[in-house]
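**Q** I'd like to ask some things about the structure below.
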Amino acid sequence: MNSIELPKQSKIAGLYARVSTARQEEQETIDSQLDEIKVRIASEGNTLPESNLFQDDGWTGEMLERPGLDAMRDAASDGRFEVLYVYDRGRISRIFAYQEIIIEEIINKGIDFVTLHDIAANTPEERVMQAMQGVFHQYERVKIAERFRRGKLHKARNGVLINGQALYGYRY
């Protein structure tokens, strides 16, 4: 007896992307995220209406109040998409607890959550592994902030003005 494979049903997709710095905006890193995610959506046979493309250019991942993220959450509540695609969990938030809140909110609405650069979470074990990657996204944010702080302190000690001002109590 031969089994007949039915064609996969296309799903309506949502896409969320974020970059946090002006330099990332200038380098158009959000465009590279969008392009890669759109290719994945198409390769899986899903449809992305333009109204389901949510993005935050120049918004920190440390806060939950972002226009694109808010619009995505509202659209999820309204049932406007069946699967949400992100580049990685760090785009949702750089704070692990916030990642978990948003992802759980999405999944509880019956929406599939797809991250292109984290472990797929189809089993409880994989969900824990993906969560571990989320912790590393937060760790990366802390390391980036520390590198920026050290760089600014080094510049201040060497007499370089930052944004036209002396920092860290230095005077020129």
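**Q** In debye, nearest 20, what is the charge dipole magnitude of the stretch 30-72 about its Cα centre with +1 on Lys and Arg Cβ and -1 on Asp and Glu Cβ, if you could check?
**A** Dipole size: approximately 180 debye.
**Q** Straight distance only, please: which lysines reach the Cα of Lys143 with their own Cα at less than 22 Å, same-chain residues fewer than 8 apart left out?
**A** List returned: Lys152, Lys155.
**Q** Would you tally the net charge around Ile119, using a Cβ to Cβ cut-off of less than 12 Å, leaving Ile119 out, and scoring K and R as +1, D and E as -1? Could you put the intermediate results ahead of the total?
**A** On the way: positive: Arg89, Arg127; negative: Asp88, Asp118, Glu125, Glu126.
Here the charged neighbours net out to -2.
**Q** If you don't mind, there's one more thing I want to ask. Roughly how many percent of the accessible protein surface of the stretch 26-103 is carbon and sulfur, given a 1.4 Å probe and a whole-percent answer?
**A** 47 percent
**Q** Nearest 0.05, what FRET efficiency do Glu44 and Arg150 give at R0 = 30 Å with Cβ-Cβ as r? Write down the numbers at each step before the final one.
**A** Details: r = 42 Å, r/R0 = 1.41.
Taking R0 as 30 Å, the efficiency between Glu44 and Arg150 is 0.10.
**Q** While we're here: Under the 0.36 nm per residue contour assumption, what length would be gained going from the current alpha-carbon distance of Ile107 and Asp70 to full extension?
**A** Taking Ile107 through Asp70 to full extension adds about 11.7 nm, to one decimal.
The values are calculated or read from the model by the stated rules, or taken from the named source; none is laboratory data. Keep in mind that what you see is a predicted model, and the values were worked out from it rather than measured. Positions of Cβ are generated from backbone atoms using ideal geometry, with glycine treated the same way; all protein chains shown enter the neighbour counts. The accessibility values were calculated without ligands, DNA or RNA, using every heavy atom of the protein model including side chains. Shrake-Rupley method; radii C 1.70, N 1.55, O 1.52, S 1.80 Å.
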